[in-house]
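For reference, the structure discussed in these notes is given below.
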Amino acid sequence: SPRVVVVPGDLARPRLGLAPPAFEALAARTGAIYHSGALTSWVHPYAGLEAANVGGTREVLRLATTGTLKPVHHVSTLAVFPLLGRDPDAVIGEDDSLDHDGVLYGGYAQSKWVAEQLVALAGARGVPVAVYRPSLVTGHSETGAWNAADAMSQMVRTWTELGAAYDLTAPVNMVPVDYVSRAIVHLSRAAAAGQRFHLASPRHVGVGDLVEWTRRFGYRLERLPYEAWRARLSARGRAAAPAAVLPLFSLTVAGAAPSLLRAMPRFDCRRTLGALAGSDVVCPGPDEALFHRSLAFLVGRGALPPPERQAVAP
């Protein structure tokens, strides 16, 4: 689109990698900032993500306070709260304090937690900030367009290459990417300053449902006990898709996944739904038809083999 002007930079560098005159010029012509950039990895330690995720947020806040003060719409994640090993009846509210005593597993959640603390500090000092916390972002509800490199799509590809999925009753909270983007735009144009919004689906879907939907799309999948599935993953770890998720399932905490994942909390998103009420922004699904659209998109892009060409190694 001619309305989009790309300014190459680097979140991990001072002034976002721009020379001082370029940074000041950008600040002068910017009216608002939507900060959704991050280095995303579920296996890198905090030290590997701090520069982009924490330092990048600091530089975004510097941009907001250079010249005319500008509002910052910060896209965070529900992973800033401890999602594993909680009371299964727990509900995480939009205004719940980040000063919790839970464990944040992995550098990504830790770095996003620190970044949110920076944003909160900026808000206390007078910068108009709003925070948006999506759950697991998946494919577009109408076109199925899905990031083929994200954790969930890589997991589905791993299932198809192994010919097996783990047999867990764990819940998953998924939201289509178009809902997330449209909701952020709508909320940001209302009185969002100082508020936090949970962009989560009103209902969970089970991992078993995702496996069954993948099978009904046409893929041959065994359902294995979790440890047997992890053993098969380890044996096939050099293959393209299994290699992408193997580090995640090699972590020490991954051995306790069956018990930890059963205790996933629920997310209170009443403020978000109330602010969206009366608009045309509605969270669809999750359902089988939407999931199948996403699988069809991945097949069309070559990120998944068509079911009839599924090659499962012995």
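Annotations
- Whole-number percent relative contact order across the chain, with pairs defined as alpha carbons under 8 Å at least 6 apart: 22
- Mean-position separation - Cα centroids, segment 105-147 and segment 40-63, in angstrom: 12
- Heavy-atom accessible surface of the chain: percent carbon and sulfur, 1.4 Å: 55
- Average Cα contact separation per residue, segment 1-54, under 8 Å, 6 or more apart, as relative contact order %: 39
- Derived scalar couplings ³J(HN,Hα) [segment 42-59; Karplus, 6.51 cos²θ - 1.76 cosθ + 1.60; whole Hz; x for Gly, Pro]: 8, 10, 5, x, 4, 4, x, 10, 4, 4, 6, 7, 8, x, x, 5, 4, 5
- In nm, spacing of pseudo-spin labels at HIS44 and VAL6 (7 Å Cα→C-beta vector): 2.1
- Segment 16-86: relative contact order as a whole-number percent, Cα under 8 Å and 6+ apart: 45
- Order by protection proxy (mean Cβ within 10 Å, highest first), peptides 2-12, 73-83: 73-83, 2-12
- Karplus-derived 3J(HN,Hα), 6.51/-1.76/1.60, for each residue of segment 13-20, Hz, glycine and proline x: 10, x, 6, 6, x, 9, 5, x
- Residues whose amide H lies under 5 Å from that of SER141, counting only those 5 or more places away or on a different chain, are VAL177, ASP178, TYR179; hydrogens are built 1.01 Å from N in the peptide plane.
- Distant-in-sequence amide contacts of MET174, defined by a placed amide H-H separation under 5 Å and a gap of 5 or more residues or a different chain, comprise SER201, VAL205.
- For the chain, the longest principal axis of the C-alpha atoms and the axis of helix 207-217 are separated by about 70°.
- Beta bridges per DSSP, both residues in segment 136-276: antiparallel share near 25 percent.
- Relative to the longest principal axis of the Cα atoms of the chain, helix 177-188 runs at roughly 20 degrees.
- Between ALA190 and ARG301, the FRET efficiency from the beta-carbon distance, with R0 = 35 Å, is close to 0.50.
- Three principal axis extents describe the C-alpha atoms of the chain; from largest down they are 62, 42, 41 Å.
- Approximate spin-label separation SER36-ALA149, in nm, with each point projected 7 Å along Cα-to-Cβ: 1.6
- Tilt relative to the chain, helix 240-250 - C-alpha long axis, 0 to 90 degrees, to 10: 80
- Near GLU222, the amide H atoms lying under 5 Å from its own belong to ALA164, ALA165; only residues 5 or more places off or on other chains count, and H is placed 1.01 Å from N.
The values are calculated or read from the model by the stated rules, or taken from the named source; none is laboratory data. Computed from a predicted structure; not experimentally measured. Note that each Cβ is placed from the backbone with ideal geometry, even for glycine, and that neighbours are counted across all protein chains shown. Ligands, DNA and RNA are stripped out before the accessible areas are found, and what is left, the full protein with its side chains, is counted by its heavy atoms. Shrake-Rupley method; radii C 1.70, N 1.55, O 1.52, S 1.80 Å.
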